Every structure is written in structure tokens, then in C-alpha cells.
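For reference, the structure discussed in these notes is given below.
Each value in this text was obtained by applying a stated rule to the coordinates, not by laboratory testing. As the structure is a computational prediction, the values presented were derived from the model and not from experiment. Glycine gets a Cβ as well: all are built from the backbone with ideal geometry, and neighbour counts include every protein chain shown.
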């Protein structure tokens, strides 16, 4: 009786094991095919350009000090006139030049200053700003700014708030060509990968465009900019 029950049980067990094995094999084979059928490669394409700045902002900053407020204002006005005259002589128009209201400090009113050690009661910062698309004209004028020192105007050239800015505003004009170049370079890299892996390059699976970056080419030539963009593209690989 025991043998009659054992044989069917053994047959059932073997059948179950075989069935599980076959199912597992088919499942594993299905995952492999799924991965194979969705093989892809992700690559990056870089495009860079060197461009010249097309806007210059030149703040000409100086300080003035006096014990009498009226004399302080008169001194600021006189120096402003001298600076404007200097700029007009170098070809700038009045539209290129703006005079900012001076920032005046009453040193005796400050609780952090010992009044007995104050040499001048009033001190002021004044800025004459040049805004122009003629970048080379600004560069030439900056080379001759020492003439203002001979007139008694000490320019704060190294002041952080008085740094000359050179900007590039023509990004929209070069965007399409740069995006096309970045995409083409990404495809070239992907094609080389496909060739090395004995595959062919398929359609684009996904693509993302990075942000355009505009930086000085180097610290000594801030009027020359480097523009760059990196595109990330994922391609399908097919046999």
C-alpha cells in the first residue's frame, strides 16, 4: 500500500519541480530579452564658442571728504564735470553717461566712531557710470584714466562695487547652431560606441539640454567670453 501511494507522490513532486524550473527559465529568458530589446547608450555632446562682449558697464567711482556739507557737494559736482568732460573727449555721448546720486556719510552721527579722531565730518562716494555697446572704446578710455588722477580725482579702480562689467547679450543668435553642434557630437560618440559593441544606433530614447554658461575666457581678458552647452542624449541600440 505504501508503494502505491509513494509512486504517484514522486511523480507529482517531479512534475512540480520540472514545472517550476521551466517557469523560472522562461521568466529569466524574458528578462534578458526585455533588457536586450531596450538596450541604450547615454552620451553627452559639448559645444563651445568664444565671443566678444557686446556691452560694457564702467563705473568710475571716487571719494570726497569735507567738514562742510556745501563744500562737499561742490567738490563732487566739480569732479563729476571733469569726468564727463574726459569721457566726451573720448567719443562717448551724453546718453552713454549717467550720474548717480552721491552716498554721503555724517561721521559725527555714527556711534561707532570716536568724534575726537575724525578728520572730516562728511565723506561721500560718487559714481559716474558709462553704459555702451562700444566695448573697445571703454577699454581705450580705461587705459587713459590716469589723466583723471592728474586732475586730482583718485578713482577706486580696485573696489568691488566699481568693477567694470563686460557682457555678452547675443546668445539667442548662436543658440540654434550650438545646440545642433552639441547634438551632432553626441550622436558621433554614440555611433562610435554602437560600432564598438557590434550594434547599430537606433532612435533617440530621451534627450535633455543643459543650461548655457557664459564665463570670462580668463581673468585677464574679461571682454572675451566662453559660451558652452552640454546636451545629454540617450539612443536605442539595435542589432
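A compact table of results
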| quantity | calculated |
| --- | --- |
| The stretch 88-131-the stretch 161-185 distance, computed between alpha-carbon centres (Å) | 36 Å |
| The stretch 55-167, relative contact order in percent, only Cα pairs under 8 angstrom and at least six apart counted | 48 percent |
| Ranked by how many other beta carbons lie within 10 Å on average, peptides 120-126, 83-89 from highest | 120-126, 83-89 |
| Label point distance in nm, residue 119-residue 39, each placed 7 Å from Cα along Cα→Cβ | 7.9 nm |
| Ranked packing of 72-78, 144-150, 199-205, most packed first, by mean Cβ within 10 Å | 72-78, 199-205, 144-150 |
| Sequence ranges 162-174, 127-139, ranked by mean other-Cβ count within 10 angstrom, highest first | 127-139, 162-174 |
| Length added when fully stretched, residue 179-residue 49, from 0.36 nm per residue minus Cα-Cα | 45.6 nm |
| R0 of 45 Å, Cβ-Cβ distance residue 198-residue 224: FRET efficiency to nearest 0.05 | 0.50 |
| Taking 192, 79, 143 and counting other C-beta atoms within 10 Å, the order from fewest to most | 143, 192, 79 |
| Over the stretch 112-239, volume per residue of the alpha carbon convex hull, in Å³ | 202 Å³ |
| Potential lengthening between residue 213 and residue 99 on full extension [0.36 nm per residue; Cα-Cα distance subtracted] | 37.8 nm |
